[in-house]
Amino acid sequence: MQTEKVVDHIVDWLKSYANNAGIKGFVIGVSGGIDSAVTSTLCAKTGLDLLCVEMPIHQGENQVNRADEHINWLQENFPNVSREPVNLTPIFDSFVSSMPPVDNEEERFMSLANTRARLRMTTLYYFAALKKYLVAGTGNKVEDFGIGFYTKYGDGGVDLSPIADLLKTEVYEVGAQLGIIESIMTAPPTDGLWGDNRTDEDQIGASYPELEWAMKMKDQGKSAKDFTAREKKVFEIYIRYNKMNQHKMVPIPVCEIPEALK
């Protein structure tokens, strides 16, 4: 990949989109992960306003520290960057206490993980409307178009997606080109929705390079019977997520009324 040219291309695309829309800048949630670090830096390089919002919800200290360190680095290098810390923990706790009890605690736990992402989306759009900014998405190609590893109307609720055509490994290449801080470059990827240190690989059961391989194999028309051992397991994981999350990755279905009934 011609990383430097890719960086220039994305920065030009962001700037052009914002200028054509008559928008002054971008707002982005910074989590302490590689995707938000790369996306925020690309937005900063446009020279347009960039608001970085920190939105901890019972967040692990290491994630909070990485996000803080990254924003400090951005502000040292880009005068157009501002920050806004918003502690969403009390809001989340109030929401939880207002909900009725349920029988299945595991399902409740999953639902509340997605609630975290939706509270963050709501917060970003508050600032976007206030300042006339665009919400920049941080999803990469594997997450957005491979396994649907994001929250519908949560981190999937954005105005534009600068890195959604980059595989996760390519995001790291861009991160190295941009000079993203070492603590983020070496941290295991995590969605930060659980209040603990579980990684994306812990949740999914496969690493991003493995998922990228499976995505390529599926595009080539392969099936699980073409593989054995670990490759077969990874391919099955990819297919399971890809099928399960189609509702996120395809347009919302519309019930079309026959003309004869109108």
Output the residues belonging to the range 241-262 that are exposed (fewer than 15 other Cβ atoms within 10 Å of the Cβ), assigned to a helix (DSSP H, G or I) and either of a type outside the set (S, T, N, Q) or in contact with an Asp or Glu (Cβ under 6 Å, 6 or more places away or on another chain) (or both). LYS243, MET244, HIS247, GLU259, ALA260, LEU261
Verdict on THR199 being exposed (fewer than 15 other Cβ atoms within 10 Å of the Cβ), at pLDDT below 95 and of a type in the set (Ser, Thr, Tyr): yes
Which one of these is buried (at least 20 other Cβ atoms within 10 Å of the Cβ), touching a helix residue (DSSP H, G or I) at 6+ places or on another chain (Cβ under 9 Å) and within 30 Å of THR89 (Cβ to Cβ): TYR208, TYR238? TYR208
Identify the residue in the range 25-65 that is hydroxyl-bearing (Ser, Thr, Tyr) and in contact (Cβ under 8 Å) with a residue 60 or more places away in the chain and, among all such residues, is farthest from VAL171 (Cα to Cα). SER31
In the set LEU134, LEU119, LEU112, the lone residue that is touching a strand residue (DSSP E or B) at 6+ places or on another chain (Cβ under 6 Å), on the phi < 0 side of the Ramachandran plot and not assigned by TED's automatic domain parsing to the domain that holds TYR241 is LEU134
Within the range 184-213, count every residue that is part of a helix (DSSP H, G or I) and without any contact (Cβ under 8 Å) to a residue 60 or more places away in the chain. 8
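The rows are residues; the columns are (1) touching a strand residue (DSSP E or B) at 6+ places or on another chain (Cβ under 6 Å); (2) more than 17 Å from GLY179 (Cβ to Cβ); (3) assigned to a helix (DSSP H, G or I).
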| site | (1), (2), (3) |
| --- | --- |
| ILE10 | no, no, yes |
| TRP13 | no, yes, yes |
| ILE23 | yes, yes, no |
| VAL38 | no, no, yes |
| THR41 | no, no, yes |
| LEU51 | yes, yes, no |
| HIS58 | no, yes, no |
| ASP68 | no, yes, yes |
| ILE71 | yes, no, yes |
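The values are calculated or read from the model by the stated rules, or taken from the named source; none is laboratory data. Predicted model, so just to flag it, every value in this text is computed and none were measured. All Cβ positions, glycine included, derive from the backbone under ideal geometry; neighbour counts span all protein chains shown.
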